[in-house]
Amino acid sequence: MSCVVCFFRESQQKHLKNNAFGIKRFEKKLRKYKDEFIKGIRGIDSLSKCSCNKQYNHQGMVQWTDSFMHCLKKSESEICSAFDQMISIYDDFIQKDQKTATDNLWLYLENQDLLVSSEGAMTYTKLLFRARPKSGTFDENEIREYFHIPFSKRHLVGNQRFSVSGQPMLYFGSSVLAVAKELDKEPSELAIAAFLPSYSEYYHTKIFSLTNHISEVVENSLPGIFGAGSQLLYNDPNCAPNCRTISKDVHRTVLMQVCTFPVEYRGSFVAEYAIPQMLTTALREHGYEGIYFPSTRDYSDLCGSHRFSTHHFNLGLFVPYDFVQDTNEALLNKFLPFILDDSKGYVTSVDDVLNKCAEVTDFTKNSPHNNNDYVLPVCKLKLHIEYVKDATINGSRYFESDAGKIELELYMKMVSHIYGCLK
Ligand SMILES: [Zn+2]
């Protein structure tokens, strides 16, 4: 028995999906996950009766989540329909053809009004990381070696969750830990660079967001809202999600969960990637420039990170073709790049970085100019440090681990650079 907070938590959904492991056909796995999901919704009980109530002990939050729970339970047919449509799109793909399936997926997104869930530039105007295994075969001081696979090496572009073989997509991780996990390597085995997207360049960019928004609201926002003494009712139409947005909330959730289904059987065709790849194709055709999604790797070795922490996200950008140059230089110019220099070891502490951040914010507070491009990443960095500094990974503090130490080096480069630009 769980409450809505526990049910929508990423680990719980992963657990439900893993229950379908062992089933050989993905179409049957999806049906099994649907059954588990519906069973889970039927079994949801009030937050007041859940073990997590000790943590979220607020009457307003119990009331909000109870109303949400009743609304969810009444929406079972909507939940079924969301799953059925995903399954039908996958069935189209395996039984008919990719074009039919992609068109149906797009129609579905339009009909359910899911295309407005774009991520604002505010979300990802922060330092993003790229890495590749150290091999001695490339120039580690050349930033292009860390950018997208050159157009002349298109044959090396493999099959990934949101991109098809041969079509380069530029994936970034929101932490060094995330990129190391994606590559299944230790951070010390990687050559690493960081890229800061320019807020003003990305301000108007359409990025599709696949996030667990229900969990973000119920677990991340509500405790703070009620903790601060605010009154909020689930049927308040001015604050989403609410009883009127339930259909959209259900469809968004199911789409996101299906697109982040963990891979069990990996071959030249990966069934779990079929729907996400069609989503990419459809978004690309309709003017989107990328997609923001949570990593599907296992982060259970990281303990005690703050629930707000976004260390486990990926941003994938479509790479527009360039006829002349091997790298899309215009795309590269939208970022401030930083390459890790570990020749002197890792020497930067959390306090060093925070002190430098303070120098930047002291300066910008007194500045009459719009410094969003500089201030936002620094604010994001301060939050990131706050959210993970007490977390431990394999027993040691995050910023004492290789991943954390490498991040501090790169963050220091970023903040020092920003400070230099402002002065
Ligand atoms: Zn609970």
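The values are calculated or read from the model by the stated rules, or taken from the named source; none is laboratory data. Model, not experiment: these values are computed from the prediction. Ideal geometry is used to build each Cβ from the backbone, glycine not excepted, and the neighbour counts take in all protein chains shown.
Taking SER305, is it touching a helix residue (DSSP H, G or I) at 6+ places or on another chain (Cβ under 8 Å), farther than 28 Å from ARG252 by Cβ and among the small types (Gly, Ala, Ser)? Give the derivation first.
Values: touching a helix residue (DSSP H, G or I) at 6+ places or on another chain (Cβ under 8 Å): yes; farther than 28 Å from ARG252 by Cβ: no; among the small types (Gly, Ala, Ser): yes.
So SER305 does not fit the description; no.
What residue, among those in segment 1-23 that are of a type in the set (A, V, I, L, M) and within 16 Å of the ligand (Cβ to nearest atom), is nearest to VAL217 (Cα to Cα)? Full working, then the answer.
Of all residues in segment 1-23, those of a type in the set (A, V, I, L, M) come to 1, 4-5, 16, 20, 23.
From what is left, the residues that are within 16 Å of the ligand (Cβ to nearest atom) are 1, 4-5, 16.
Details: MET1: 21, VAL4: 11, VAL5: 9, LEU16: 21 Å.
If we take residues in segment 1-23 being of a type in the set (A, V, I, L, M) and within 16 Å of the ligand (Cβ to nearest atom), then VAL5 is nearest to VAL217 (Cα to Cα).
Need the failing condition index for SER152 against (1) over 30 Å from PRO241 (Cα atoms); (2) in contact (Cβ under 8 Å) with a residue 12 or more places away in the chain; (3) not in a helix (DSSP H, G or I), just the number.
Looking at each condition in turn, SER152 falls short on (3).
Counting only residues that are out of contact with any Lys or Arg (no Cβ under 8 Å at 6 or more places or on another chain) and hydroxyl-bearing (Ser, Thr, Tyr), how many does segment 397-423 have? Walk me through how you get there before you give the answer.
First, the residues of segment 397-423 that are out of contact with any Lys or Arg (no Cβ under 8 Å at 6 or more places or on another chain): 400-403, 405-411, 413-414, 417-418, 420-423.
Of the ones still in play, those that are also hydroxyl-bearing (Ser, Thr, Tyr) are 401, 411.
The total comes to 2.
Does ASP66 meet the test of being within 12 Å of the ligand (Cβ to nearest atom), over 25 Å from the mean Cα position of the chain (by Cα) and surrounded by 15 or more Cβ atoms within 10 Å (Cβ to Cβ)? Please lay out each step first, then the result.
Working: within 12 Å of the ligand (Cβ to nearest atom): no; over 25 Å from the mean Cα position of the chain (by Cα): yes; surrounded by 15 or more Cβ atoms within 10 Å (Cβ to Cβ): yes.
In short, no.
Can we say PHE26 is closer than 25 Å to TYR299 by Cβ, in contact with a Phe, Trp or Tyr (Cβ under 8 Å, 6 or more places away or on another chain) and away from the ligand (no atom under 16 Å from the Cβ)? Walk me through how you get there before you give the answer.
Values: closer than 25 Å to TYR299 by Cβ: yes; in contact with a Phe, Trp or Tyr (Cβ under 8 Å, 6 or more places away or on another chain): yes; away from the ligand (no atom under 16 Å from the Cβ): yes.
So PHE26 passes the test.
Name every residue in segment 5-55 that is touching a Ser or Thr at 6+ places or on another chain (Cβ under 8 Å) and aromatic (Phe, Trp, Tyr), in order of residue number.
Listed by number, the list holds a single entry, PHE8.
Within the bounds of segment 38-54, is there any residue that is away from the ligand (no atom under 16 Å from the Cβ) and closer than 30 Å to GLN277 by Cβ?
Checked segment 38-54: at least one residue is away from the ligand (no atom under 16 Å from the Cβ) and closer than 30 Å to GLN277 by Cβ.
Any idea which of GLU145, GLU76 is more than 30 Å from PHE26 (Cβ to Cβ), over 22 Å from the mean Cα position of the chain (by Cα) and away from the ligand (no atom under 16 Å from the Cβ)?
Details: GLU76 fails: more than 30 Å from PHE26 (Cβ to Cβ).
Answer to the check: GLU145.
State all residues of segment 396-418 that are surrounded by fewer than 18 Cβ atoms within 10 Å (Cβ to Cβ) and either among the hydroxyl-bearing types (Ser, Thr, Tyr) or free of Cβ contacts under 8 Å to residues at least 60 places away in the same chain (or both); if no residue qualifies, say none.
SER396, ARG397, GLU400, SER416, listed by residue number.
Scan segment 39-63 residue by residue and report those that are in a helix (DSSP H, G or I) and surrounded by fewer than 14 Cβ atoms within 10 Å (Cβ to Cβ).
Quick first cut of segment 39-63, residues in a helix (DSSP H, G or I) only: 39-43, 47-49, 51-54, 59-63.
Listed by number, the residues that qualify are LYS39, ARG42, GLY43, LYS49, SER51, LYS54, GLN59.
Restrict the check to segment 221-240 and report whether at least one residue is among the β-branched types (Val, Ile, Thr) and buried (at least 21 other Cβ atoms within 10 Å of the Cβ). Spell out the reasoning first.
Within segment 221-240, the subset among the β-branched types (Val, Ile, Thr) is 225.
Add one more test, that the residue is buried (at least 21 other Cβ atoms within 10 Å of the Cβ), and what stays is none.
Within segment 221-240 (the criterion being among the β-branched types (Val, Ile, Thr) and buried (at least 21 other Cβ atoms within 10 Å of the Cβ)), the answer is no, since none of the residues qualifies.
Give SER343, SER367 a once-over and let me know the one that is of a type in the set (S, T, N, Q) and farther than 23 Å from GLU201 by Cα.
Only one candidate passes the filter, namely SER343.
Kindly indicate whether LYS32 is farther than 29 Å from PHE226 by Cβ, in a helix (DSSP H, G or I) and not polar (S, T, N, Q).
Values: farther than 29 Å from PHE226 by Cβ: yes; in a helix (DSSP H, G or I): yes; not polar (S, T, N, Q): yes.
So LYS32 fits the description; yes.
Is it true that some residue in segment 86-93 is within 28 Å of ASP236 (Cβ to Cβ) and either at pLDDT 95 or above or not in a helix (DSSP H, G or I) (or both)?
The initial filter retains those residues of segment 86-93 that are within 28 Å of ASP236 (Cβ to Cβ), namely none.
For segment 86-93, residues within 28 Å of ASP236 (Cβ to Cβ) and either at pLDDT 95 or above or not in a helix (DSSP H, G or I) (or both): absent.
Determine which member of the set ASP301, ASP351, ASP362, ASP322 is acidic (Asp, Glu), surrounded by fewer than 16 Cβ atoms within 10 Å (Cβ to Cβ) and in contact with an Asp or Glu (Cβ under 9 Å, 6 or more places away or on another chain). Please lay out each step first, then the result.
On the way: ASP301 fails: in contact with an Asp or Glu (Cβ under 9 Å, 6 or more places away or on another chain); ASP351 fails: in contact with an Asp or Glu (Cβ under 9 Å, 6 or more places away or on another chain); ASP362 fails: in contact with an Asp or Glu (Cβ under 9 Å, 6 or more places away or on another chain).
After ruling out the rest, the residue left standing is ASP322.
Checking the structure you have, find out if any residue of segment 171-188 is more than 22 Å from the chain's Cα centre (by Cα) and either surrounded by 15 or more Cβ atoms within 10 Å (Cβ to Cβ) or part of a helix (DSSP H, G or I) (or both). Outline the logic, then answer.
Within segment 171-188, the first condition is being more than 22 Å from the chain's Cα centre (by Cα), and the residues that meet it are 188.
Keeping just the survivors that are either surrounded by 15 or more Cβ atoms within 10 Å (Cβ to Cβ) or part of a helix (DSSP H, G or I) (or both) gives 188.
Scanning segment 171-188 turns up at least one residue that is more than 22 Å from the chain's Cα centre (by Cα) and either surrounded by 15 or more Cβ atoms within 10 Å (Cβ to Cβ) or part of a helix (DSSP H, G or I) (or both).
Give the residue, chosen from ASP139, ASP91, that is free of Cβ contacts under 8 Å to residues at least 12 places away in the same chain and surrounded by fewer than 16 Cβ atoms within 10 Å (Cβ to Cβ). Quick ask: steps written out before the conclusion?
On the way: ASP91 fails: free of Cβ contacts under 8 Å to residues at least 12 places away in the same chain.
The unique qualifying residue is ASP139.
Give the residue that is modelled with the lowest pLDDT, with candidates limited to residues of segment 114-140 that are out of contact with any strand residue (DSSP E or B) (no Cβ under 9 Å at 6 or more places or on another chain) and assigned to a loop (DSSP other than H, G, I, E, B).
GLY136
Within segment 191-198, identify whether any single residue is closer than 30 Å to SER343 by Cα, of a type in the set (S, T, N, Q) and at pLDDT 90 or above, and answer yes or no.
The answer is no; no qualifying residue exists.
Does segment 99-113 contain at least one residue that is surrounded by fewer than 20 Cβ atoms within 10 Å (Cβ to Cβ), at pLDDT below 95 and in contact with a strand residue (DSSP E or B) (Cβ under 6 Å, 6 or more places away or on another chain)?
no
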